[in-house]
Amino acid sequence: MLSLSVACVAVLALSACATAPAPSPDAAASDSTVWGDEYEGLAVDGGETVRALPRGFNLEYVEGNTQSMRADAFAHGAAIHARSYPSGEVGSVSWRSDHIVREVVAGDFTPAIAEGALIGDPRTGGDLRPSFSARTSGLAMRSSTSTWSSMRGGGIVLGTDAFRVSSGGWETREHSHAGVASFETLIRSGVLGFAVGATDNRVAGSIYGAHKTENTFAGGEIALSHERVRAVARMVSGSMSVIAIAGAGPANDEPLVFARKERWGAALERRDGWGRGAGRAGVSTLTRRDFVSDVRRRRAFWDGEWRITSDARLQLAARITREENTRASKGALASLPAHEVLDDWRARATVRVNGVIANGWPVDNAYRLEWVQSRTGKPGIIATWSWRLRAGACDTRLSASAHALETGQISYSTDAAPPGLVEYSAVTGKGAALAASFRLWLKHHAWMGAAWAQRPPGAPRVWITLGLRG
C-alpha cells in the first residue's frame, strides 16, 4: 500500500504545479485539556499536520532509531496520504466533488456512522464527551493516518440535495472483514436514514435521525447486533451540548460486534466566551457492567483561557475523577463483593508569552505547572518549559520537564516520536526529560533538520529530517 501511495503522490506532484502556499508555523500549542490518558501508549498525528491544498504536495523523511516517512499530494479534488511508521504503514487515495459521486476512498480510513451506535470507537468509553457538531450522516470514510484506528478497504458516496447513499468494505488489523451501506433522506429540516452491515459471521443494523432548527440540534441512533442493542442520543442548544448512551459497548477486536460489557452514561458540556478569553466546563457519568465487575466513573472538568496582554495568555484547567469498581466475590466460601473507590484530581496552569527580539525574530515561551493527587494524600508536581525561536529560515525549539510524583501516582508525558507524531506515555516517580530540534527552510519549498530527546534512564533518541513541499 505504501509503495502504491508514494507512486500516486509522484503522479499528483507532477500534475500539480508548485503553487501550494509556504508552510505556516504551528497555529497553536497542544490543547490544554488533553491530559494524556486519552491516548496512552499511542502515537497519533500531531505537530505540523498537513492541511488539504487545492494543488501541491508534501514529502518528509525521518532517519534515526524511529525511521518514518510521510507523503501527501493534492490535485483536482484528489488527495493522497501515505505514512510509514515503526508501528506500521498506512496510505489512502480519495477523490471528492460536488456532483452525484461525492466521494471515493481506497486504502486506510476510519469509518463512522451517525452518532456512533452501530460503529463506535471502543477507546472513547473512558472519557465520555459530547460533540458540538450540528450534523449527522450515514457512512463516512475519513482518510486516516493513524496505524491504530484505521481500517483497510474502500468505499463510495453518492448524493444529491435530497438523498445520500454510501457503501464500503474493509478489513481490520485482526483480519476480520465487514461491509456496510447506508441510505438517508432529508425531511423537514432534518435527516432520516438507516444503515446495515455484515461481518464474517453476523449482520447488524441501525436507524438514525436528526432535526435542526436555528438554535437547536437533536440527533439519535439505535443499533441492533446479534440480539444486543445500543442507543445514542445527542442534543446541542446554544452553548450547551448533551449526550446519553445506553446498551452494549463496541467490541475491541471486531467491527459491528457488541461486547458483553454494557455501558450506561451521560455527559453535559458548556462553552462560554467573553471579551478576553473563553472557557469550557462539563460533567459525565459512565457505568461499564459485565458478569464480573461493575465500574462507574464520574468526572467533572473545567478549562479557561485569558489574554493577559496582547503577547501573553493564561490557561487554567482542572479535572476531578472518581471511579468505583465492584467485583464479584470469588472462591467457594461466601464473601461480600470487593468494592474499591479511587479519586484522581488534576489541575494545571500555563502561561504562554509571545515576543519579538531585537532582530525582529519571534520568540515563544510556555511555562506549565501541573498538580496531581491520587491514591495518596500527598500531591505530585510536574513542571514544563518550552521555547521556540523562528529566525528567518531557521526554526529552533527546546523543552525541559521535571516530575515528582508520589507512590501510585501517574502522569502522562508528551513525546515527539518521531517528529510529526505525538506519543503520550505514562510516567511515575521522579525524573526529567529534555528535547531539542532544529529545522532549516530552503526557500519555503524544502527543509532539513534534526531532533534529539532523552528521558533518563532511557537512551537518547536522534532523528534527521528531510522534507519537500511544492
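Does Ser166 satisfy the criteria of being part of a loop (DSSP other than H, G, I, E, B) and closer than 18 Å to Ser206 by Cβ? Talk me through it step by step, then tell me what you get.
Details: part of a loop (DSSP other than H, G, I, E, B): no; closer than 18 Å to Ser206 by Cβ: yes.
Here the answer is no, as Ser166 does not meet what is asked.
Is at least one residue of the range 398-417 outside any strand (DSSP E or B), closer than 26 Å to Ala450 by Cβ and modelled with pLDDT under 80?
yes
From the list Glu423, Glu406, exactly one residue is closer than 19 Å to Arg70 by Cβ and among the acidic types (Asp, Glu). Which is it?
Values: Glu406 fails: closer than 19 Å to Arg70 by Cβ.
None of the others qualify; the one that does is Glu423.
Give me the residue from the range 206-261 that is buried (at least 22 other Cβ atoms within 10 Å of the Cβ) and of a type in the set (Ser, Thr, Tyr) and, out of that set, farthest from Met151 (Cα to Cα).
Result: Ser241.
Hey, can you tell me all the residues within the range 62-86 that are over 20 Å from Arg439 (Cβ atoms) and either of a type in the set (Val, Ile, Thr) or not in a strand (DSSP E or B) (or both)?
Within the range 62-86, His76, Gly77, Ile80, Pro86 meet the criteria.
Just to be sure before I move on: is Ala383 closer than 17 Å to Asp37 by Cα and at pLDDT 90 or above in the structure I sent? Even if it seems obvious, please write down each step before you answer.
Working: closer than 17 Å to Asp37 by Cα: no; at pLDDT 90 or above: yes.
In short, no.
Identify the residue in the range 52-61 that is surrounded by fewer than 18 Cβ atoms within 10 Å (Cβ to Cβ) and in a loop (DSSP other than H, G, I, E, B) and, among all such residues, is modelled with the lowest pLDDT.
Only one residue tops the list, namely Ala52.
Taking Glu89 as the residue in question, decide whether it is surrounded by fewer than 19 Cβ atoms within 10 Å (Cβ to Cβ), in a strand (DSSP E or B) and not aromatic (Phe, Trp, Tyr).
yes
Does at least one position in the range 402-410 carry a residue that is surrounded by 14 or more Cβ atoms within 10 Å (Cβ to Cβ), among the β-branched types (Val, Ile, Thr) and closer than 30 Å to Asp311 by Cβ?
Checked against the condition, which is being surrounded by 14 or more Cβ atoms within 10 Å (Cβ to Cβ), among the β-branched types (Val, Ile, Thr) and closer than 30 Å to Asp311 by Cβ, the range 402-410 yields no hits at all.
Taking Glu214 as meeting all but one of (1) within 30 Å of Gly88 (Cβ to Cβ); (2) not in a strand (DSSP E or B), write down the number of the exception.
In the conditions (1) within 30 Å of Gly88 (Cβ to Cβ); (2) not in a strand (DSSP E or B), Glu214 misses (1) alone.
Identify, from the list Ala204, Ala248, Ala233, the residue that is over 30 Å from Leu314 (Cβ atoms), without any contact (Cβ under 8 Å) to a residue 24 or more places away in the chain, out of contact with any Pro (no Cβ under 7 Å at 6 or more places or on another chain) and assigned to a strand (DSSP E or B). Talk me through it step by step, then tell me what you get.
Values: Ala204 fails: without any contact (Cβ under 8 Å) to a residue 24 or more places away in the chain; Ala233 fails: without any contact (Cβ under 8 Å) to a residue 24 or more places away in the chain.
Just one listed residue meets the conditions, Ala248.
Assuming Trp306 fulfils every condition listed in (1) over 22 Å from Glu324 (Cβ atoms); (2) surrounded by 18 or more Cβ atoms within 10 Å (Cβ to Cβ) apart from one, which condition is it?
(2)
Return only the number of the condition from (1) surrounded by fewer than 20 Cβ atoms within 10 Å (Cβ to Cβ); (2) at pLDDT below 90; (3) out of contact with any helix residue (DSSP H, G or I) (no Cβ under 9 Å at 6 or more places or on another chain) that Asp272 does not satisfy.
(2)
Specify the residue that is modelled with the lowest pLDDT; the eligible residues are those in the range 101-132 that are in a loop (DSSP other than H, G, I, E, B) and within 18 Å of Gly193 (Cα to Cα). Show your work before the answer.
Let us first name the residues in the range 101-132 that are in a loop (DSSP other than H, G, I, E, B), namely 113-121, 127-132.
Within this subset, residues satisfying the condition of being within 18 Å of Gly193 (Cα to Cα) are 113-120.
Values: Ile113: 92, Ala114: 92, Glu115: 91, Gly116: 88, Ala117: 90, Leu118: 90, Ile119: 85, Gly120: 71.
The qualifying residue modelled with the lowest pLDDT is Gly120.
For Ser182, only one of the following conditions fails: (1) in contact with a Gly (Cβ under 9 Å, 6 or more places away or on another chain); (2) surrounded by fewer than 17 Cβ atoms within 10 Å (Cβ to Cβ); (3) not in a loop (DSSP other than H, G, I, E, B). What is its number?
(2)
Report whether or not Ala198 is within 18 Å of Glu115 (Cβ to Cβ) and not aromatic (Phe, Trp, Tyr). First the steps, then the outcome.
Working: within 18 Å of Glu115 (Cβ to Cβ): no; not aromatic (Phe, Trp, Tyr): yes.
Here the answer is no, as Ala198 does not meet what is asked.
Which of the following residues is closer than 30 Å to Ala82 by Cβ and in a strand (DSSP E or B): Arg352, Arg368, Arg346, Arg390?
Arg390 is the lone residue from the list that is closer than 30 Å to Ala82 by Cβ and in a strand (DSSP E or B).
The values are calculated or read from the model by the stated rules, or taken from the named source; none is laboratory data. In this text, all values refer to a predicted model and were calculated from it rather than measured experimentally. Note: ideal-geometry Cβ built from the backbone for every residue, glycine included; neighbour counts use all protein chains shown.
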